[in-house]
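Report on the following structure.
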Amino acid sequence: DLSLLRFISAELTRGYFLEHNEAKYTERRERVYTCMRIPKELEKLMFFGIFLCLDAFLYVFTLLPLRVFLAMFRFITLPCYGLRDRRLLQPAQVCDILKGVILVICYFMMHYVDYSMMYHLIRGQSVIKLYIIYNMLEVADRLFSSFGQDILDALYWTATEPKERKRAHIGVIPHFFMAVLYVFLHAILIMVQATTLNVAFNSHNKSLLTIMMSNNFVEIKGSVFKKFEKNNLFQMSNSDIKERFTNYVLLLIVCLRNMEQFSWNPDHLWVLFPDVCMVVASEIAVDIVKHAFITKFNDITADVYSEYRASLAFDLVSSRQKNAYTDYSDSVSRRMGFIPLPLAVLLIRVVTSSIKVQGILAYVCVVLFYCGLISLKVLNSIVLLGKSCQYVKEAKMEEKLFNPVLTATPGKPAGKQQSMFKSTQGISTDENGSTSVTNQPVHQKENTPSLLVTSNSDQFLTTPDGEEKDISQDSSELKHRSSKKDLLEIDRFTICGNRID
């Protein structure tokens, strides 16, 4: 009895029940809720990360000069107190002096770079050429950031390495010149970026600024449709935090240069305000859309951003120990690729050329401004430290502060690594097995046997049959290790791609 009438009637009256496929539709609804939660969770991570970058950036202007002064005072007055140990200066003091000298040398070298000539040279180029130049500058900035921290770390370690060891480097002076050259070239690169952005702000039809903002949306195409793991997304989040903070500093430099050209007329600031808001809004919108679709396509929950925030908080808390393994600003540089020295050199150069200090009252204002920066730095550090302790406690990561895991031995189980680490570092435990909070890591002696790096395959090849059961248990423990520990074990993130070595 097939007929057109019966077909139309069946199409109009047939029904279906969604509860027959409850799991599928529940999963789709959860994806929608995850996308709705992404803006809030992402911005909480961004907010915390930006203040971390601000803390490391303010350190260069506030506490670093004071630490350099104290180190120089100790070096000058050392004959009066006598040499109690083999070191003339502590390793942290040597690194502070090197940072200060690099900052001063690069600042004076920046005086030979004419900002006005660079501005007119860039302004004379066509819009398409400037768009290409801006893209090239972004790529070059990532490459410089990726390699720059390695250059600085090589200098710090070469200058503070124990002298008893066999020399396996080219010397402190060549490393120092490499670091100075890197900071100077990176500062020039950031200056060209700021100048290009300034030209876009001052163009009559705003076409260049529109093209530059549309370039942010091209970033979505290059990221959304790639496969991402949690570690890769953590790397991208850190890169986005660094990029957003750097853009804020570039906008500050553009506003300073424009206000100087208009004799600090406050009315011109309201002319720049819409363009500044457009740049900031486009950055936020691109980050939200990019992370929302990455988490959707890779089945990653929004709670992962709280894990990322706890990992950054862990770095801050661990660096506040008396004898920490690294300075906090260097830790931020390794995590996010944000290196404060080139940006600080450029900002000091722009401020000193834009603002003229004349008279006693002007110098008093400079001193008061410096005291205000120190107060802001201290307040920001206290608030960040309190929040970081809260995040670490919520993530239940307190025991990792005093039970470090050796990241260079992926083939060994975590328990054996911690026991070996305690025995070599001299961390004492009480009767209950809890580590002492007051104990700090000490330097290993040369006759201490080194920990060999072995892989899983090496273990199976060299282990007798009697230990096969133990190895299988260790491998099962490694499979069930939490993702939070994996984040902490990643010490260096390359910000040039999506692959983590």
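The values are calculated or read from the model by the stated rules, or taken from the named source; none is laboratory data. Only a predicted model underlies this, so the values are computations on that prediction, with no experimental measurement involved. Heads up, the Cβs are rebuilt from the backbone with ideal geometry, glycines too, and the neighbour counts pull from every protein chain shown. Just the protein is used for accessible areas: all its heavy atoms, side chains included, with ligands, DNA and RNA removed. Shrake-Rupley method; radii C 1.70, N 1.55, O 1.52, S 1.80 Å.
A quick yes/no check of all residues on (1) modelled with pLDDT under 85; (2) within 14 Å of GLN193 (Cα to Cα):
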{"residue": "ILE220", "(1), (2)": "yes, no"}
{"residue": "PHE225", "(1), (2)": "yes, no"}
{"residue": "LEU233", "(1), (2)": "no, no"}
{"residue": "GLU243", "(1), (2)": "no, yes"}
{"residue": "ARG257", "(1), (2)": "no, yes"}
{"residue": "PHE262", "(1), (2)": "yes, no"}
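Which condition does TRP264 not pass, out of (1) of a type outside the set (Lys, Arg); (2) outside any helix (DSSP H, G or I); (3) buried (at least 19 other Cβ atoms within 10 Å of the Cβ), if it passes all the others?
So TRP264 meets the others, but not (3).
Going residue by residue through segment 193-205, is there one that turns out to be open to solvent by 40 Å² or more (accessible area, probe 1.4 Å), within 25 Å of PHE262 (Cα to Cα) and either among the polar types (S, T, N, Q) or assigned to a helix (DSSP H, G or I) (or both)? Show your work before the answer.
Let us first name the residues in segment 193-205 that are open to solvent by 40 Å² or more (accessible area, probe 1.4 Å), namely 202, 204-205.
Next cut, within 25 Å of PHE262 (Cα to Cα) only: 202, 204-205.
Filter once more, keeping what is either among the polar types (S, T, N, Q) or assigned to a helix (DSSP H, G or I) (or both): 202, 205.
Yes, segment 193-205 contains at least one residue that is open to solvent by 40 Å² or more (accessible area, probe 1.4 Å), within 25 Å of PHE262 (Cα to Cα) and either among the polar types (S, T, N, Q) or assigned to a helix (DSSP H, G or I) (or both).
Going by the conditions given, is ALA302 in contact (Cβ under 8 Å) with a residue 60 or more places away in the chain, over 19 Å from TYR182 (Cα atoms) and open to solvent by less than 10 Å² (accessible area, probe 1.4 Å)?
yes
Could you pull out every one of the helices (runs of 4 or more DSSP H) wholly within segment 312-396 that has 2 or more residues that are open to solvent by 30 Å² or more (accessible area, probe 1.4 Å)?
Details: elements: 328-336, 340-354, 360-394.
In segment 312-396, 340-354, 360-394 are the helices (runs of 4 or more DSSP H) which contain 2 or more residues that are open to solvent by 30 Å² or more (accessible area, probe 1.4 Å).
Just checking, which of LEU209, LEU269 is open to solvent by less than 10 Å² (accessible area, probe 1.4 Å) and more than 23 Å from the chain's Cα centre (by Cα)? Step through it out loud before you land on a result.
Details: LEU269 fails: open to solvent by less than 10 Å² (accessible area, probe 1.4 Å).
The conditions single out LEU209.
Run down ARG31, ARG67 and say which single residue is in contact (Cβ under 8 Å) with a residue 60 or more places away in the chain, part of a helix (DSSP H, G or I) and of a type in the set (Lys, Arg). Walk me through it before giving the result.
Working: ARG67 fails: in contact (Cβ under 8 Å) with a residue 60 or more places away in the chain.
Matching residue, one of ARG31, ARG67: ARG31.
Output the residues belonging to segment 3-14 that are assigned to a helix (DSSP H, G or I) and open to solvent by less than 70 Å² (accessible area, probe 1.4 Å). Let's see the steps before the verdict.
Of segment 3-14, the ones assigned to a helix (DSSP H, G or I) are 4-13.
Passing the criteria: SER9, ALA10.
Which of the residues spanning segment 15-43 are among the charged types (D, E, K, R) and open to solvent by less than 80 Å² (accessible area, probe 1.4 Å)? Steps first, please.
Filtering segment 15-43 for residues among the charged types (D, E, K, R) gives 19, 22, 24, 27-31, 37, 40-41, 43.
ARG31, GLU41, GLU43, listed by residue number.
Return only the number of the condition from (1) surrounded by fewer than 15 Cβ atoms within 10 Å (Cβ to Cβ); (2) touching a residue at least 24 places away in the same chain (Cβ under 8 Å) that VAL113 does not satisfy.
(1)
I'm checking my understanding of the structure. Among residues of segment 228-260 that are among the aromatic types (Phe, Trp, Tyr) and open to solvent by less than 20 Å² (accessible area, probe 1.4 Å), which one is farthest from LEU272 (Cα to Cα)?
PHE228
Could you look through segment 64-91, keep only residues that are at pLDDT below 85 and hydrophobic (A, V, I, L, M, F, W, C), and pick out the one that is surrounded by the fewest Cβ atoms within 10 Å (Cβ to Cβ)?
CYS80
Going through ASP287, ASP330 one at a time, which residue ends up being farther than 25 Å from MET213 by Cβ and among the charged types (D, E, K, R)?
Working: ASP287 fails: farther than 25 Å from MET213 by Cβ.
The match here is ASP330.
Being surrounded by 15 or more Cβ atoms within 10 Å (Cβ to Cβ), of a type in the set (A, V, I, L, M) and at pLDDT 90 or above, is that true of even one residue in segment 120-138?
no
Which residue out of VAL364, VAL383, VAL350 is farther than 29 Å from ASP141 by Cα, under 25 Å from the mean Cα position of the chain (by Cα) and at pLDDT 90 or above? So that I can check it myself, show each step before the final result.
Values: VAL364 fails: under 25 Å from the mean Cα position of the chain (by Cα); VAL350 fails: farther than 29 Å from ASP141 by Cα.
Testing whether each residue is farther than 29 Å from ASP141 by Cα, under 25 Å from the mean Cα position of the chain (by Cα) and at pLDDT 90 or above leaves just VAL383.
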